[in-house]
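Structure record follows, encoded as structure tokens.
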């Protein structure tokens, strides 16, 4: 399945779709989200898949896209900056230094973004259970972090909401997703995987 087909599935009952917008982009850097798919996720959010939560802010490119298309604040969590980050993704030198959310800092859209700082394996998500309709998982790509983030996301997602895993073909991410498939109907979608929560 292609990511466009996920959009069609999620928005099949939307008769009059809202228009979406994209930001003026700063220079792309290794580790930023896949810009070719921004239109699709922006349209999904613009047409009712809110509130939004993102695991792994990084520079903030993707959450800025979602914030521009959300009528309510969006949430994003990151460990903070490259000085304390253990990426566990390989090619460490390609990421360079960064500050979480540097792309949207001091822009008007910043007021629509709630930046959370902390280690997702230790963060208390209990106040966010059953709250979000769109969750994007792009945090640590090692098995332990991905499994922890995924289990928390499954508690945080609302009925009829969707969880999307980025880099789903990354070895440890793929292992985590495969284990979760025992209990959850997670589907492949190119570089992504996704799960749509049914009615409670």
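Footprinting exposure proxy ranking of 57, 24, 50, 97, fewest other C-beta atoms within 10 angstrom first, gives 24, 97, 50, 57. Our helix-only sum for the chain, with -39,500 (n - 2.57) per DSSP H run of n ≥ 4 divided by its residues, gives a mean residue ellipticity at 222 nm of -7500 deg cm²/dmol. The order of 165, 170, going from fewest to most other C-beta atoms within 10 Å of their C-beta, is 170, 165. With a Förster radius of 30 Å applied to the C-beta separation of residue 24 and residue 2, the computed FRET efficiency comes to 0.65. Computed from the coordinates I sent, Kirkwood radius over Cα pairs in Å equals one of (i) 20.6; (ii) 18.1; (iii) 16.9. Tell me the label. Label of the calculated value: (iii).
The ranking of 79, 186 by Cβ neighbour count inside 10 Å, starting from the fewest, reads 186, 79.
Restricting attention to the chain, close to 30% of DSSP beta bridges with both partner residues there are antiparallel.
Rule-based calculations on the coordinates, nothing more; no lab input. It should be emphasised that the depicted structure is a prediction, and the values quoted were computed from it without experimental measurement. FYI the Cβ positions are ideal-geometry reconstructions off the backbone, even for glycines, and counts take in every protein chain you see.
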